[in-house]
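Right, one structure below, let's go through it.
Any read-out appearing in this document is the output of simple, stated calculations on the displayed coordinates, not a laboratory observation. Here the structure is a predicted model, which means the values were calculated and not measured. So basically every Cβ, Gly included, is an ideal-geometry build from the backbone, and we count neighbours across all protein chains shown.
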Amino acid sequence: MSANEALALLSRAMHIVSVVTLAGGMIFSWLVLKPVGQVRHVEKFGPAAVMAIVGLLASGLYNVLTKVAVQPGYHAVFGIKFILALHVIAMAFLSTRPGVDDTRRSRLVSSGAISSFAVIVVSAWLRTFSR
């Protein structure tokens, strides 16, 4: 395995782990904490969310810069994915801040979780149909 292949593998692994952490935290908060009225505990997810966001941005930048050949239309769909991902990041930051009202936090978590699902679907589409 060459150094470039190892770096690509490391970047991909970091991207996947970061997505699982961020999207998983948002979806867990939406499906588990929100229904039982414990959404205030989302703020404890803040440090993990920040680490996941840094991992996503670093590995995502590497992945975009090293992508060689893409199908027509790839960048348009990628732009949609990126905007949705920015929405998830914003919802993670806003929902994990201390002092946020539970009603507002609940809306932020719901919005972030739904966008997380959308990012995953768009990512799967890009991975499957843009080769």
Rounded to whole Å, give me the distance from the Cα center of the range 84-100 to that of the range 7-46. 11
Would you order Thr128, Thr21 from fewest to most other beta-carbon atoms within 10 Å of each residue's own beta-carbon? Thr128, Thr21
Label-point separation, Gln71 to Val36 (7 Å along Cα→Cβ), nm: 4.3
What net charge is computed for the residues neighbouring Leu108, neighbours being all others with C-beta under 13 Å from the C-beta of Leu108, Lys and Arg scored +1, Asp and Glu -1? +3
Obtain the nm distance between the two label points defined at Trp125 and Phe82 by a simple spin-label model: each point lies 7 Å from its Cα along the Cα-to-C-beta direction. 1.7
Of the DSSP H helices in the chain, the ones reaching 24 Å or more along their long axis in Cα terms and averaging at least 1.0 in Kyte-Doolittle hydropathy are 3-28, 46-66, 74-95
Of the listed values (i) 177; (ii) 100; (iii) 112, identify the label whose number matches volume of the Cα convex hull per residue in Å³ calculated from this model. (ii)
Magnitude of the charge dipole, the range 23-116, Cβ model with Lys/Arg +1 and Asp/Glu -1, debye to 20: 60
